[in-house]
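Peer 1: I'd like to ask you about the structure that follows.
The numbers here are math on the coordinates, done by the rules we state, and not lab data. These figures come from a predicted structure and were not determined experimentally. In this analysis, Cβ positions are derived from the backbone assuming ideal geometry, glycine residues included, and neighbour counts consider all displayed protein chains.
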Amino acid sequence: MRQPFVYLLLFLLSATACSKENKEKNSGPPKAFFDLRGYIQGEAERLSKAQPKVIKRISIDGQQEEHTFDSLDYKKELAIFSRSDINKTSWFDKYQVDSTFQDGQLKQVTYTSKDKGLKTNLMEVQYDQGAVSAIHIRNATENQVADVHQEMFYRPKKGYSLASGQSTVLSKEKDVRVEVEFLEF
């Protein structure tokens with residue numbers, strides 16, 4: 001009599017554990033938009049392993065510098081892209097989504113903000129044979145003290161760039177541009 005009870009108890013415990021494990025894997029909000037944060041984390045890991053040689057160009061108000069690096073901290077370098085992730089449940093109705101197909105294949109998905117108060121106004125994700133080939137993001141924050149505008153591009157095997165303009169009530173406009181070009185891949 002005792003053995004069937006032990007088997008039943010083990011069966012119930014294992015079924016509960018599997019059920020809980022599956023719920024944990026599938027927990028969280030559904031992804032309605034492109035998972036920019038997840039994609040950029042994956043790219044940072046890929047680049048950290050590959051460590052391609054790069055040229056980094058920086059321009060601040062026209063003053064330019066150029067350096068060649070054998071390695072970069074891609075988690076830090078690409079964090080600015082992750083901060084433009086629009087995949088939030090509360091924003092599902094705040095973006096218009098348009099998709100472009102060519103010969104039955106997805107070529108581009110464009111997310112355009114319907115709400116002027118959101119930082120990320122535009123995100124375009126381009127595809128080539130099912131893989132991301134380019135990401136374009138346009139951010140803007142405007143208030144009584146400052147206006148900040150950013151234009152960012154990420155190309156998986158080529159590099160990334162950022163152009164940022166900032167003007168404040170008390171100072172002249174500041175223009176910052178950063179471009180990183182992958183030399184080896």
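Peer 1: Residues that are of a type in the set (Phe, Trp, Tyr): list the strands (runs of 3 or more DSSP E) wholly contained in the stretch 106-185 that include at least 2 such residues.
Peer 2: Because the criterion is at least 2 residues that are of a type in the set (Phe, Trp, Tyr), the strands (runs of 3 or more DSSP E) in the stretch 106-185 that meet it are 146-155.
Peer 1: Could you list, in sequence order, the residues of the stretch 91-105 that are surrounded by 17 or more Cβ atoms within 10 Å (Cβ to Cβ) and not in a strand (DSSP E or B)? Don't jump to the end; show me each part of the working.
Peer 2: Looking only at the stretch 91-105, we keep the residues that are surrounded by 17 or more Cβ atoms within 10 Å (Cβ to Cβ), and these are 91, 95.
Selection gives Trp91 alone.
Peer 1: If you don't mind, another one. Counting just the residues of the stretch 52-90 that are hydroxyl-bearing (Ser, Thr, Tyr), farther than 27 Å from Lys116 by Cα and surrounded by 12 or more Cβ atoms within 10 Å (Cβ to Cβ), which one comes out farthest from the chain's Cα centre (by Cα)?
Peer 2: Looking at residues that are hydroxyl-bearing (Ser, Thr, Tyr), farther than 27 Å from Lys116 by Cα and surrounded by 12 or more Cβ atoms within 10 Å (Cβ to Cβ), I get Ser59.
Peer 1: For the stretch 89-109, what are the residues that are without any contact (Cβ under 8 Å) to a residue 24 or more places away in the chain and touching a Lys or Arg at 6+ places or on another chain (Cβ under 9 Å)? If you could, list the steps in order and put the result at the bottom.
Peer 2: Our first condition is that a residue be without any contact (Cβ under 8 Å) to a residue 24 or more places away in the chain; within the stretch 89-109, this holds for 90, 93, 96, 98-104, 107-108.
Answer for the stretch 89-109, where residues must be without any contact (Cβ under 8 Å) to a residue 24 or more places away in the chain and touching a Lys or Arg at 6+ places or on another chain (Cβ under 9 Å): Asp93, Gln96, Ser99, Thr100, Phe101.
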